[in-house]
Amino acid sequence: MAASLGMSTLLVALPIFIVSEGHGYTVAALVAGAGGCGATVAAIPVGWCTDRWGPARVGAGSLLCMVGAALVMTLGVEPLLLGVGHLLFGGGALGVMLSRQSDLTRRIPIRLRGRAMSLMGGTMRFSVLLGTAAGGLLVDYLGARATFLAAGAGAAIGLPAVLPWAIGEPTEVLVERTRRPRFLKVVRQNKRRLLSVGLFGAAAMTVREGRMVLLPLVGVSLNLRPATIGLLVAAGYTADLVLFPISGAVMDRIGRLAAMVPAYGLLALGLFGLSFADSATGVLIAGLIMGLGNGLSAGSLFTLGSDVAPEEGTGSFLSAVSVLTDSGRLLGPLLVGLAAGQWGLNAAAVVLGASMLLGLLWLGTVVGETGK
């Protein structure tokens, strides 16, 4: 929750601030996408460290990295420095999420995993709701530097939850030292499962991250105030909070596909609707539809990765999945920036919606049901 609070604050604040400073959509999207680039770069080291030192220590170190990155961003407001800071921030956020997922994968049996992972996703969505609303309000009333400091403070909230475990990690959490297969060996032995789940994760993350950049830019194009934009983005996450328990229950009791196909279908529908939005009301309706879909997909990517993860080298396998999935964190904002710069924001929404439909086709034909 702490990691996603800080990350979502930046994802709303950065595009608004950069465009308001006179830079184009492409520059704004690249800086916003730097967090995803950091996550992709950090994935393999984080998986190796999790297998070696345990998830609690990796989680604590990742939160500290996020706090340091936020301080870097306050040193200057040039796009290059903001991009570097956001890259470090994104790497830290990935470390937190991957260490938590690895811990739950070892603890939770598959018959309960959908509900456990959806709870993890749902609690993260609660902090995203707070972060998206705060990002616009803070930029509007306190300025960029205060917003970046607030993002770092949000990440710091999580430190008391993991530091006691990191300092004296108990045996049930500590990774067995004798079971540390090499990363490349884990990848070779599980490459088919890795590619099937990871490529769908990349498509889903492309759309999720793309919409986080697209919604604020649409608000800017409609001349809305930053505070209003933040509230519009946050409204979509309200639906997330209502529906995430349904996601876990459906995944465990009916099947992964029964929850995921309608969920990601709604996400695509909301993006197509956003391409026709010409007012704050239109943006709100599209955001709510996307929020419904995102809520029904809560924890789905965590669950898919955990379902197919091997018992040995769990952290390494999940980090490899994360490399593919988190490439979408970079690709989403990049797609938005390129499409918006070339054809406009409406076209960017259509591109994201089409990407989600292709991802659903892959999910149904290649990934299939993983919960049995």
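The values are calculated or read from the model by the stated rules, or taken from the named source; none is laboratory data. The structure displayed is predicted, hence computed values, not measured ones. Positions of Cβ are backbone-derived with ideal geometry, glycine not excepted, and every protein chain shown enters the neighbour counts.
The figures follow:
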{"read-out": "Filter result (at pLDDT 85 or above and either among the charged types (D, E, K, R) or closer than 18 Å to L138 by Cα (or both)) within region 192-214", "value": "R192, R193, R208, R211"}
{"read-out": "Single match in R145, R113, R125 (criterion: more than 21 Å from L10 (Cβ to Cβ), in a helix (DSSP H, G or I) and basic (K, R))", "value": "R113"}
{"read-out": "Neighbours by Cβ (under 7 Å, 6+ apart or cross-chain): first from region 302-330, without any contact (Cβ under 8 Å) to a residue 24 or more places away in the chain; second part of a helix (DSSP H, G or I) and of a type in the set (S, T, Y)", "value": "none"}
{"read-out": "Filter result (at pLDDT below 85 and of a type in the set (S, T, Y)) within region 222-274", "value": "T228, Y237, T238, S247"}
{"read-out": "Members of region 110-152 found to be surrounded by fewer than 17 Cβ atoms within 10 Å (Cβ to Cβ) and farther than 27 Å from S247 by Cβ, listed by number", "value": "Y141, L142, G143, R145, A146"}
{"read-out": "Subset tally (residues that are of a type in the set (V, I, T), over 16 Å from the mean Cα position of the chain (by Cα) and closer than 24 Å to R182 by Cα) for region 299-356", "value": "2"}
{"read-out": "Region 276-285, residues that are of a type in the set (A, V, I, L, M, F, W, C) and in contact (Cβ under 8 Å) with a residue 24 or more places away in the chain", "value": "F276, A277, A280, V283, L284"}
{"read-out": "Pick from region 170-191, criterion at pLDDT below 85 and among the basic types (K, R), ranking: nearest to D51 (Cα to Cα)", "value": "R180"}
{"read-out": "Residues of region 298-353 that turn out to be crowded, with 24+ Cβ neighbours inside 10 Å, of a type in the set (S, T, Y) and under 18 Å from Y264 (Cβ atoms), as a count", "value": "3"}
{"read-out": "Condition check for M66: under 18 Å from I16 (Cβ atoms) and touching a Phe, Trp or Tyr at 6+ places or on another chain (Cβ under 7 Å)", "value": "no"}
